[in-house]
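A.B. asks: The structure follows.
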Amino acid sequence: MLKINNLSKSFNKDSDERIDIFHGFNLQIEENKCTAIIGANGCGKSTLLNLISGSLMADQGEFILKGKDIGKLSEEKRAIHIGRVHQDPSMGVSPTLTILENMSLADKKGEGFSLRKLVHKGKIPKYVELLKDLDLGLEDKLDTQVKYLSGGQRQSLSLVMASMKFPDLLLLDEHTAALDPKTSHVVMKKTKELIEKYKMTTIMISHNMKDAIDYSDRVIMLDKGQVILDKPSKDLTEEELMDIYRKKLVEHLM
Amino acid sequence: MKLLLTSVEQGLIFAVLAMGVFLTYKILDIADLSVEGTFPFGAFLFARFVSSGINPILSTFLAFCLGSLAGLLTTTLFTRLKIKPILAGILTMTILYSVNLKINGKSNIPLFSYGSIYDLGSTLLILIIIVLIVKILLDLFLKTETGYLLIATGDNEVLVKSLGENSNKYKLIGLMLANGLVALSGALMAQHQGFVDITMGAGIIVVALASIIIGDTIKKNSNILKNTTRAIIGAIIYKIIGGIAIDLGLNPNDLRAINAIIVIVFIAYNNTASNLFKLKGKGGAKNA
């Protein structure tokens, strides 16, 4: 479980353009569930993800992950507990390395990197098994450099790499937004299967209301750094979400 | 024949330089200009040690070890003090210019009266052995966990962070190793030509880049040729072409401009060719 307590974050603190994006923000993310966070641009959802992962440091507040405050840890120290898939498919992989080499790197996460050989043939069956789950035939391309893969294949590989060591928390940062609708659907389906199979505590940011309802257990809508909706996905319809979304948009325009 | 032999020998010395620069330029994607200072730095260090009575082999090895400190300085400048890598390299190079003059208190030192690593046997054979040792160790290193993270750091720093590692550590390792190799190359060159001179580093980055780029064009799409092998072959071809050009009456001073033009033409060709490819293809990842 992730507990966010009393989170505050401001941008441009010493100028007239000061933005207080979060002020005394609290949120609990349930264990082994997928929580979708939605909201218009500027609502704070990406900032929240960056604050959790440590790419941005909070001004104040705690991030209690499995009973430990990770809020003071550097981004790379937090990364040991957190898996993240970015929007840009090239962010989660090393393009000049092969699939096998990328998987081998991901497999060492959190264990420290020494002067021992990285790639071990004995681990190939394990990687093949993981890649087979994706159903994209990547298991037959272990020696292909990742730069030759399509965006969808790369994003699926990123997902496997990010979840390989069963992180305490998986962050999905609009990870299908850069893909075409068909590929996006496939990756989303695979994501759900993986999350359910390995029971991963997941936060998923999405712009797509339908995806948010279909692929999560709980939907949270943010507006100006505050939770304005928090419901189980099964109790929500796309129309209902769109309605609130439109109302908020109009409010902002007024 | 003598000319060809000298060219091959000097090519092998430049191969060590090219393998060092390959680490920064190709793997880490950093244009480390400090090597212009590190190359003579290695030579001056060698001169200092050998003239104080230290054995030439140990002196050469010490030049490698201390030369790596140039990489420590450059990396500190750009990771801790947030100075742009290209400027950090120029600053290190400038500092080294003064340091090099201080090491022996002179800008030119003849080495003929001292021993050299080539006294051990055939110069060519000794150089081949040194180049092979460097190549094999470098290839082995790049297959280790740390080596792969060095490659990943040049490729995608976000991934390195997500693996729980600080990418600056790998930049430091890469730059120290690279500068150590460049200093080693400088020490080998000093012993080969029999003197150390403050100007011996001028334009050396272009020589290194030209070697790497020439090496890259050999069997371009073959994965079998390792990058270190390419750097070695590139440096030898470069030196042989340069040797022939000078033998045909080309002024050695004009060679520098030709080096630079080789680099410009090859990089321009590679860049335009990849652009053409992008226009034809459907394009890769669309970055948001």
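A.B. asks: Eigenvalues of the Cα gyration tensor times 5, then square-rooted: what semi-axes does that give for chain B, in whole angstrom, largest first? All intermediate terms of the calculation are to be shown ahead of the outcome.
C.D. replies: Values: eigenvalues 191, 111, 64 Å².
Value: 31, 24, 18 Å, ordered largest first.
A.B. asks: So for each of A:163-169, A:25-31, A:240-246 I average, over its residues, the number of other beta carbons within 10 Å; can you give me the resulting order with the highest mean first? Numbers along the way, then the final one.
C.D. replies: On the way: A:163-169: 18.4, A:25-31: 16.1, A:240-246: 14.4.
Ranking the peptides A:163-169, A:25-31, A:240-246 by packing returns A:163-169, A:25-31, A:240-246.
A.B. asks: Label-point separation (nm) for B:LEU72 and A:GLN226, each offset 7 Å from Cα along Cα-to-Cβ?
C.D. replies: 5.5
A.B. asks: So how do A:194-201, B:169-176 stack up, highest first, on mean other-Cβ count within 10 Å? Show your work: numbers first, answer last.
C.D. replies: Numbers: A:194-201: 16.4, B:169-176: 22.9.
The peptides rank, most packed first, as B:169-176, A:194-201.
A.B. asks: Can you give the average number of partner chain beta-carbon atoms within 10 Å of each beta-carbon in peptide B:141-153, as a whole number?
C.D. replies: Numbers: counts 1, 1, 5, 6, 12, 6, 4, 11, 5, 1, 5, 9, 1.
The shielding value for this peptide is 5.
A.B. asks: Report the calculated FRET efficiency for B:LYS220 and B:LEU58 (r = Cβ-Cβ distance, R0 = 60 Å), to the nearest 0.05. Intermediate values should be presented prior to the final figure.
C.D. replies: Working: r = 41 Å, r/R0 = 0.68.
The pair B:LYS220/B:LEU58 has a calculated efficiency of 0.90.
A.B. asks: Right, something else. Is it possible to state the helix-based mean residue ellipticity at 222 nm for chain B, with each DSSP H run of 4+ residues giving -39500 (n - 2.57), the sum divided by total residues, to the nearest 500 deg cm²/dmol? What is it? Provide the component values of the computation, followed by the final result.
C.D. replies: Details: 11 runs with 206 residues, N = 288.
Estimated from H runs of four or more residues: -24500 deg cm²/dmol.
A.B. asks: Okay, next question. Specify the angular offset, from 0 to 90 degrees and rounded to the nearest 10, of the alpha carbon long axis of helix B:145-155 from the longest principal axis of the alpha carbons in chain B.
C.D. replies: 70
A.B. asks: Using Cα pairs closer than 8 Å and at least 6 residues apart in sequence, work out the relative contact order for chain B, in percent. Write down the numbers at each step before the final one.
C.D. replies: Working: 419 pairs, mean separation 99.5, N = 288.
It comes to 35 percent, rounded to a whole number.
A.B. asks: Is any helix in chain A, taking whole DSSP H runs, at least 27 angstrom long along its axis by alpha carbon and on average at least -0.5 on the Kyte-Doolittle scale, and which ones? Provide the component values of the computation, followed by the final result.
C.D. replies: Working: long enough: none.
Qualifying helices, which must be both long enough and hydrophobic enough, do not occur.
A.B. asks: Right, next: Can you tell me the relative contact order of segment A:1-126? Whole percent, Cα pairs under 8 Å, sequence separation 6 or more. Write down the numbers at each step before the final one.
C.D. replies: Working: 139 pairs, mean separation 26.3, N = 126.
That works out to 21 percent.
A.B. asks: Quick check: net charge around B:TYR25, other residues with Cβ under 15 Å of its Cβ, Lys/Arg +1 and Asp/Glu -1? Mind dumping the intermediate values first?
C.D. replies: On the way: positive: B:LYS26, B:LYS171, B:ARG230; negative: B:ASP29, B:ASP32, B:GLU36, B:ASP155, B:ASP216.
That works out to -2.
A.B. asks: Which residue, A:LEU138, A:LEU236, A:LEU157, tops the fluctuation ranking in a GNM of chain A built on C-alpha contacts under 10 Å?
C.D. replies: Looking only at A:LEU138, A:LEU236, A:LEU157, the largest GNM fluctuation is found for A:LEU236.
A.B. asks: Further question: How about A:LYS234: which lysines have a C-alpha closer than 21 Å to its C-alpha, ignoring those fewer than 8 places off in the same chain?
C.D. replies: Those lysines meeting the cut-off are A:LYS33, A:LYS189, A:LYS190, A:LYS192, A:LYS197, A:LYS199, A:LYS210.
A.B. asks: Only loop residues by DSSP count here, and only those with at most 11 other Cβ atoms within 10 Å; note down the trypsin sites (Lys or Arg not before Pro) in segment A:1-96 that meet that.
C.D. replies: Those that pass, being in a loop and sparsely packed, are A:LYS13, A:ARG18.
A.B. asks: While we're on this one: Give me the inter-chain shielding for B:164-172: mean count of other chain Cβ atoms within 10 Å, whole number please. Provide the component values of the computation, followed by the final result.
C.D. replies: Working: counts 16, 9, 4, 1, 0, 2, 1, 0, 0.
Neighbouring Cβ atoms belonging to other protein chains average 4 per residue here.
A.B. asks: Explain nothing, just the number: dipole magnitude of the protein assembly as shown about its Cα centre with +1 on each Lys and Arg Cβ and -1 on each Asp and Glu Cβ, in debye rounded to the nearest 20. If you can, show how the numbers build up before the last one.
C.D. replies: Values: 61 positive and 52 negative charges, 164 e Å.
Using only the charged Cβ atoms, the result is roughly 780 debye.
A.B. asks: Here's a follow-up. Using the charge dipole of chain A (Lys, Arg: +1 at Cβ; Asp, Glu: -1 at Cβ; taken about the Cα centre), state which of A:TYR148, A:LEU51, A:THR183 has its Cα farthest towards the positive end.
C.D. replies: Checking the options against the dipole of chain A, the answer is A:TYR148.
A.B. asks: How many angstrom lie between the Cα centre of segment B:233-264 and the Cα centre of segment B:65-143?
C.D. replies: So the two Cα centres are separated by 23 Å.
A.B. asks: On the accessible surface of the protein assembly as shown, probed at 1.4 Å, how many percent belong to carbon and sulfur atoms? Could you put the intermediate results ahead of the total?
C.D. replies: On the way: 15100 of 25440 Å².
Carbon and sulfur together cover 59 percent of it.
A.B. asks: Which of the aspartates and glutamates could be linked to A:LYS121 by a straight reach, that is with a Cα gap under 16 Å, when you skip same-chain ones fewer than 8 residues away?
C.D. replies: The reachable aspartates and glutamates, counting only those whose Cα sits under 16 Å from A:LYS121, are A:GLU101, A:ASP107, A:GLU129, A:GLU139, A:ASP140, A:ASP143, B:GLU145.
A.B. asks: Accessible area lost on pairing A with B, both sides, 1.4 Å probe, Å² to nearest 100? Don't jump to the answer; show the numbers that get you there.
C.D. replies: On the way: alone 13080 and 14750 Å², together 25440 Å².
Roughly 2400 Å².
A.B. asks: Here is a further query. Within segment A:23-41, name every residue whose backbone N is under 11 Å away from a label modeled 7 Å from Cα of A:GLN60 along the Cβ vector.
C.D. replies: What the label zone holds, given the 11 Å backbone N cut-off, is A:23-25.
A.B. asks: Now a separate question. Which trypsin sites (Lys or Arg not before Pro) in segment B:180-262 pass both tests, a DSSP loop state and at most 15 other beta-carbon atoms within 10 Å?
C.D. replies: Working: sites: B:LYS219, B:LYS220, B:LYS226, B:ARG230, B:LYS239, B:ARG256; in loops: B:LYS219, B:LYS220, B:LYS226.
When the trypsin sites (Lys or Arg not before Pro) of segment B:180-262 are filtered for loop state and at most 15 Cβ neighbours within 10 Å, B:LYS219, B:LYS220, B:LYS226 remain.
A.B. asks: Additional query: About the Cα centre of segment B:2-201, what is the dipole size in debye to 20, counting +1 per Lys and Arg Cβ and -1 per Asp and Glu Cβ, all else neutral? List each step's numbers first, then the result.
C.D. replies: Details: 13 positive and 11 negative charges, 74 e Å.
For this selection, approximately 360 debye.
A.B. asks: Just to verify a number: FRET efficiency for B:PHE112 and A:GLU129, C-beta to C-beta distance, R0 = 41 Å, to 0.05? List each step's numbers first, then the result.
C.D. replies: Working: r = 66 Å, r/R0 = 1.60.
For B:PHE112 and A:GLU129, the calculated efficiency is 0.05.
A.B. asks: Sticking with this structure for a sec: Restricting things to alpha carbons, find the Rg to Rh ratio for segment A:130-254 using the Kirkwood radius for Rh. All intermediate terms of the calculation are to be shown ahead of the outcome.
C.D. replies: Values: Rg = 16.6 Å, Rh = 16.1 Å.
In segment A:130-254, Rg relative to Rh is 1.03.
A.B. asks: Which lysines, on any chain, are close to B:LYS2 with Cα under 16 Å apart, when same-chain ones fewer than 8 places away are left out?
C.D. replies: Within reach: B:LYS239.
A.B. asks: Once every DSSP H run of n ≥ 4 in chain A is given -39500 (n - 2.57) and the sum is divided by its residues, what mean residue ellipticity at 222 nm do you get, rounded to the nearest 500 deg cm²/dmol? Working shown, then result.
C.D. replies: On the way: 8 runs with 86 residues, N = 254.
So the helix-based figure for chain A works out to -10000 deg cm²/dmol.
A.B. asks: How well do other chains shield peptide A:104-117, expressed as the mean number of their Cβ atoms within 10 Å of each residue Cβ?
C.D. replies: 5
A.B. asks: Moving to a separate point now. Can you classify the protein assembly as shown as rounded, prolate or oblate using the Cα gyration tensor, where a ≥ b ≥ c are the square roots of its eigenvalues, rounded means a/c under 1.5, and otherwise it's prolate if a/b beats b/c and oblate if not? Could you put the intermediate results ahead of the total?
C.D. replies: Numbers: a/c = 2.52, a/b = 2.16, b/c = 1.17.
The shape class here is prolate.
The values are calculated or read from the model by the stated rules, or taken from the named source; none is laboratory data. Small disclaimer: the values here were computed from a predicted structure and weren't measured. Reconstructed Cβ throughout: ideal geometry from the backbone, glycine too, with neighbour counts over all protein chains shown. The accessibility values were calculated without ligands, DNA or RNA, using every heavy atom of the protein model including side chains. Shrake-Rupley method; radii C 1.70, N 1.55, O 1.52, S 1.80 Å.
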